[in-house]
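The values are calculated or read from the model by the stated rules, or taken from the named source; none is laboratory data. Worth saying up front: this structure is predicted, and the values here are computed from it rather than measured. Glycine gets a Cβ as well: all are built from the backbone with ideal geometry, and neighbour counts include every protein chain shown. The accessibility values were calculated without ligands, DNA or RNA, using every heavy atom of the protein model including side chains. Shrake-Rupley method; radii C 1.70, N 1.55, O 1.52, S 1.80 Å.
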Amino acid sequence: MRLEEQMKNGLLYREFGHKDPVDQEYEKVIEAQRVHAKEMMYDFNNTRPSEMEKRTAILKSLLGAAGDGIYLEPPAHFAYGCNTFIGKNFYANFNFQVVDDGEVHIGDDVMIGPNVLICVTGHPLYHEYRLGGTQFSLPIHIGNRVWIGAGAMIMPGVTIGDNSVIGAGSLVTKDIPANVLAYGSPCRVIREIGEYDKKFYRKNMPVNDFK
């Protein structure tokens, strides 16, 4: 099976060192993508605070999709960039890191706290299989209106449903359904988000008129 097929189908693969001419050509493609991402994010991370239009233009040029209202606080890092698809009204605080050797899909109105890692890539547990840098990549899907707290890590193959909140410092290794509060290491569902949360924005702190 070709390298490209292995990468896109969640199978084990090695990125470099192939002998087949077709795979060698694909190695050149992905290496060019990785270098391009580093160059673009270098430019992004070294913009001045007033250069908002320049930042947005860089993101829209780099990412697979970038909706209107996208905002990332520098520094941020993408392994490829072109494999990440972000909806509208997206916000990520400082040190947003995306290991997007495979696809990452993020919905609309998503908020990301500082020091969050999204990682689609892992390595096999058996030591001999890791020789030569063998790895696998599984897509990550984050729904609409999700809030991911500071320092959370989203691992390969995870889906997070619409409206859910991931608490700070969580290690998310399994799917999280919609409309829940989840946190911990490993992350687990704590409770549903519902009527109480319409009245209180934090424990015993009633919602005030903020509009």
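Heavy-atom surface analysis with a 1.4 Å probe gives region 1-110 a carbon and sulfur content of 50 percent of its accessible area.
If the Kirkwood radius is taken over C-alpha pairs of the chain, then at 37 °C and 0.692 mPa s the Stokes-Einstein diffusion coefficient equals 179 µm²/s. Here the sum of -39500 (n - 2.57) over DSSP H runs of 4 or more residues, divided by the residues of the chain, equals -7000 deg cm²/dmol at 222 nm, to the nearest 500. Other residues whose C-beta falls under 11 angstrom from the C-beta of SER137 contribute a net charge of -3, scoring Lys and Arg +1 and Asp and Glu -1.
On the beta carbon distance between ILE190 and PHE210, with R0 = 25 Å, the FRET formula returns roughly 0.50. The residues of the chain expose on average 57 square angstrom of accessible surface per residue, using a 1.4 Å probe on protein heavy atoms. Count Lys and Arg as plus one, Asp and Glu as minus one, and take only other residues whose Cβ is under 11 Å from that of VAL158; the net charge is then 0. The share of alpha-carbon pairs in region 27-92 lying farther apart than 16 Å comes to 41%. Counting lysine pairs in the chain that sit 8 or more residues apart in sequence, or on different chains, and whose Cα atoms lie under 18 Å apart gives 9. Percent of alpha carbon pairs in region 136-182 separated by more than 12 Å? Percentage above 12 Å: 55.
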